Amino acid sequence: MSRQLFARTPGLKDTVTTYCSGCGHGVAHRLLAEAIEESGARERTVAVAPVGCAVYGYDYWNFDTTEAAHGRTPAVAAAIKRVLPDRLVISYQGDGDLASIGLAEIMHAANRGDRITVIFINNTNYGMTGGQMAPTTLAGQVTTTTPLGRDSATTGQPLKVAELLATLPGVKYAARGALHKPGLVRKAKSLIQKALAVQEAGLGFSVVELVSLCPTNWGLTTLQSVELVEKQIVPVFPLGVFKDESGAKAE
Amino acid sequence: MFRVKVDPRRCKSCELCLAVCPKKIMVITHERNEHGFHVAACRDERECTGCLACALVCPDVAIEIFEDKD
Amino acid sequence: MSAPMFMKGNEAMAEAAIRADCRFYFGYPITPQNEVPAYMSRRMPEAGGTFLQAESELAAINMVFGAAVAGARAMTSSSSPGISLKQEGISYMAACELPGVIANIMRGGPGLGNISPSQSDYFQATRGGGHGDYRLIVLAPHTVTELAELTMDAFDLADYYRNPVMILGDGLLGQMMEKVEFPEPEARRRTGLLRGRPLPPKDWALTGAQGRPPRLIRSLLMQPGVLEQHNFHLAEKYARIERDEPLAEVIGCEDADVVLAGFGTSARVAKQAREMLRARGIKAGLFRPITLWPFPYAQLAAIARTTRRFLVVEMNLGQMIEDVQLAVARERSLKDATIALLPRPGGGVPVPEEIVDKTLEVLR
């Protein structure tokens, strides 16, 4: 007698991704798809894909998706949610999309308490375009636009999105997880499930920031990347739940 | 008895499964897939405890785990 | 028709949108169109719709994009500098073939300019404005009633062609108060620019993949040749629009020695100038395009068969004049024609007397 302990979720299409070897997007897509599928919401889900590596998210996840102009993902998601308030609306974004060009859109969607769930992939650089500095780049980190390492005196310190958004009353759930170890992967899934539940209960805005590997642009092997995350990235971007008002009643 | 089934089409040889396996039974084989990646595999399923660590970290959902009971 | 009302242009436009079943408005304050978001903030909720003051004009157009993606009739409005901000979003809407209405109540430019009426965004509206090969249907009303009518038409055409539509007004039209009668929407679908054609179902909208495969709305087409094909597909749609939609008002051109050409407010002033000229025995005609894109080249070319003198009156440095030249060139060599310009840029508004004077100059 045989049973399957780990199976591929129908929330994802049966296809090979074009993401790099070791890329965090693959894990994030899977956790999001599993959480949506397991809560029975897949056929009610509308996702907004960013400009960035995950622009191709719709090739992999199995729900209605639209692209958005760079950074405008939360604005597009906010409008979709207003037209279809009973759908599950996801805004999936990377460092540039959310924290740079889209900073106004994310802050205002969060401040309005738009009932959307944002999945924010933080890999401290702009992946799709070849590894430029992002607002989340660490001080001293070498990127293609900081060849001598990020100089905080002129370009600032890394931006901590989950903490920033948690300060806004419209945000009911803000957490940061990571994807490079099995325990953290399980935890990240529960963060996503919590965030989706906040949306489904109509409480407000929810965001899960996920620290992800980017071996290609970090110029490291996958295993070296894991070490970098543990030794240098997590100390700057601590994992945890920064706000959880999911116990609150809907406003 | 557990079975660790790696889809060679999906594996990108990132070695995360090797790093997280508590029994150190995941290896990179000499088998290359159509994309040129050397495919991972479980070298001895008898040692597998069914912890699912490899499947959880795999970015390409390449790994399925089965349990066979007598 | 509704009972006649006395309304400000901006408010009449907003009211017309709601009567056309627009239930989503996203906007941002900028003079001289602030009455639009203000009116919408009150009327939209009354009509069961959603008003949202977005954080910027940029966010607003992307919200229109999102509402359109979900299958709704949505609108945004702004004035010149704010419309510049919307260009990226408009390009995306055109690329994804999404319906939506964008109103530009033009003000003086370039830059921050001033808050006086102008027509200096004609190129921006008709030549793309945003990046890439695309077109907007551009409608240019010249009275508050026409503004209301064309606003209703705009939603129908946007849905019919799956394309964004722009209403090009100016601060004078937006601010003036006039008698306006709103057509019954169903009647307008027959008598207006839609001309009774049935609207296609929105079977492409993202509503959640219930009992069907997931749908995708996107404009990134990386595979070799695919984007080129998509562009040709858009071109085919634009060719149909150019064939079926050009519209102009033509007054007294059959025997004209000179034809005044203008759109919107400048055409309204030119109408009066034409009458003054006729009263003096001068055979003056008026050509007023109502669709700026597609420009009514054929109608103007027909006039150029018998008339070779034109005076283009525009509240800019000369933009529509290029389309006038293109039209006239279909019928005669431009060397045999006089196409003069009366430009009033930067917030200037012509008066009939100066048009009359300039016309007399052209006729000398």
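Quick note: the coordinates plus some simple rules give every number you see, no bench work behind them. Everything numeric here is computed off the predicted structure, so don't read it as measured data. Here the Cβ positions follow ideal geometry from the backbone for every residue, glycine too, while neighbour counts run over all protein chains shown.
Cysteine residues of chain B whose Cβ has no partner cysteine Cβ closer than 4.7 Å: B:11, B:14, B:21, B:42, B:48, B:51, B:58. Residue by residue along C:217-223, Cβ atoms of other protein chains within 10 Å of the local Cβ number 4 on average. Once both labels are positioned 7 Å from their Cα atoms along Cα-to-Cβ, the gap between residue A:86 and residue B:5 label points is 3.8 nm.
Each label was represented as a point 7 Å from its Cα along the Cα-to-Cβ direction; for residue C:210 and residue C:190 these points are 3.5 nm apart. Converting phi to 3J(HN,Hα) with the Karplus coefficients 6.51, -1.76 and 1.60 and the offset θ = phi - 60°, segment A:79-94 yields 5, 4, 5, 6, 6, 10, x, 9, 8, 8, 10, 10, 10, 10, 9, x Hz in sequence order, with x at every glycine or proline. Segment C:191-224 and segment C:146-168 have Cα centres separated by 17 Å. Quick one: go through segment C:121-150 and flag any residue whose amide nitrogen is under 14 Å from the point 7 Å out along the Cα-to-Cβ line of residue C:317. Residues C:121-124 fall inside that zone.
The distance linking segment C:295-348 with segment A:167-244 is 61 Å (Cα centroid to Cα centroid, whole angstrom). For residue C:342, nonlocal amide neighbours, meaning residues 5 or more places apart or on other chains whose placed amide H falls under 5 Å from its own, are C:312, C:313, C:314. Phi angles across segment C:44-51 convert, under the Karplus curve 6.51 cos²θ - 1.76 cosθ + 1.60 with θ = phi - 60°, into 3J(HN,Hα) values of 4, x, 4, 8, x, x, 10, 10 Hz, Gly and Pro given as x. The distance linking segment C:48-69 with segment A:1-79 is 25 Å (Cα centroid to Cα centroid, whole angstrom).
Averaged across A:59-66, how many Cβ atoms of other chains sit within 10 Å of each residue's Cβ atom? List each step's numbers first, then the result.
On the way: counts 1, 1, 1, 3, 6, 14, 8, 15.
That average works out to 6.
List the GluC sites (Glu not before Pro) in segment C:137-195 that DSSP assigns to loop (not H, G, I, E or B) and whose Cβ has at most 15 other Cβ atoms within 10 Å. Which are they?
Numbers: sites: C:146, C:149, C:178, C:181, C:186; in loops: C:181.
Qualifying residues, ordered by number: C:181.
Which whole number gives the average count of other chain Cβ atoms within 10 Å of the Cβ atoms across peptide B:16-26?
Working: counts 12, 1, 2, 6, 6, 1, 1, 0, 0, 0, 0.
The per-residue average across the peptide is 3.
For segment A:1-100, relative contact order (Cα pairs under 8 Å, six or more residues apart, normalised by length) works out to 28 percent. Sparse packing (at most 11 other Cβ atoms within 10 Å of the Cβ) combined with a DSSP loop state is found for the following GluC sites (Glu not before Pro) in segment C:252-346: C:254. Would you mind checking segment C:106-145 for residues with the amide N under 20 Å from a putative spin-label position 7 Å along Cα→C-beta of residue C:228? Output list for this probe position: C:132-134.
Given charges of +1 on the Cβ of Lys and Arg and -1 on the Cβ of Asp and Glu, with all other atoms neutral, how large is the dipole of the protein assembly as shown about its Cα centre, in debye to the nearest 20?
Numbers: 75 positive and 75 negative charges, 79 e Å.
Dipole size: approximately 380 debye.
With contacts taken as Cα pairs under 8 Å at a separation of at least 6 residues, chain B carries a relative contact order of 47 percent.
Angle of helix C:264-279 to the longest C-alpha principal axis of chain C, folded into 0 to 90 degrees and rounded to 10: 20°.
List the relative contact order of segment A:68-226 as a percent without decimals, with contacts defined as Cα pairs under 8 Å and 6+ residues apart. Can you show the working numbers first?
Values: 314 pairs, mean separation 36.2, N = 159.
Computed value for segment A:68-226: 23 percent relative contact order.
Couplings 3J(HN,Hα) of segment C:136-150, computed from phi: 10, 6, 10, 10, 10, x, 10, 9, 5, 5, 5, 4, 5, 5, 5 Hz, in residue order, whole Hz [Karplus 6.51 cos²θ - 1.76 cosθ + 1.60, θ = phi - 60°; x for Gly and Pro]. Considering only trypsin sites (Lys or Arg not before Pro) in DSSP loops that have at most 15 other Cβ atoms within 10 Å, the longest stretch of chain B without any of them is B:44-68.
Once you order the gyration tensor axes a ≥ b ≥ c over the Cα atoms, which shape class does chain A get: rounded for a/c under 1.5, otherwise prolate or oblate by comparing a/b with b/c? Walk me through the numbers before you get to the answer.
Details: a/c = 1.57, a/b = 1.21, b/c = 1.30.
Oblate.
Rank these for me by crowding, A:213, C:157, going from fewest to most other beta carbons within 10 Å. With the fewest neighbours first, A:213, C:157 line up as C:157, A:213. The residues A:72, C:43, A:30, C:330, when put in order of fewest to most other Cβ atoms within 10 Å, stand as C:330, C:43, A:30, A:72. Under the rule a/c < 1.5 gives rounded, and otherwise a/b versus b/c splits prolate from oblate, where does segment A:51-130 land using the Cα gyration tensor? Oblate, since a/c reaches 1.5 and b/c is not below a/b.
Shape verdict for segment C:120-187, please, from the Cα gyration tensor: rounded (a/c under 1.5), prolate (a/b greater than b/c) or oblate.
Cα axes put segment C:120-187 in the oblate bin.
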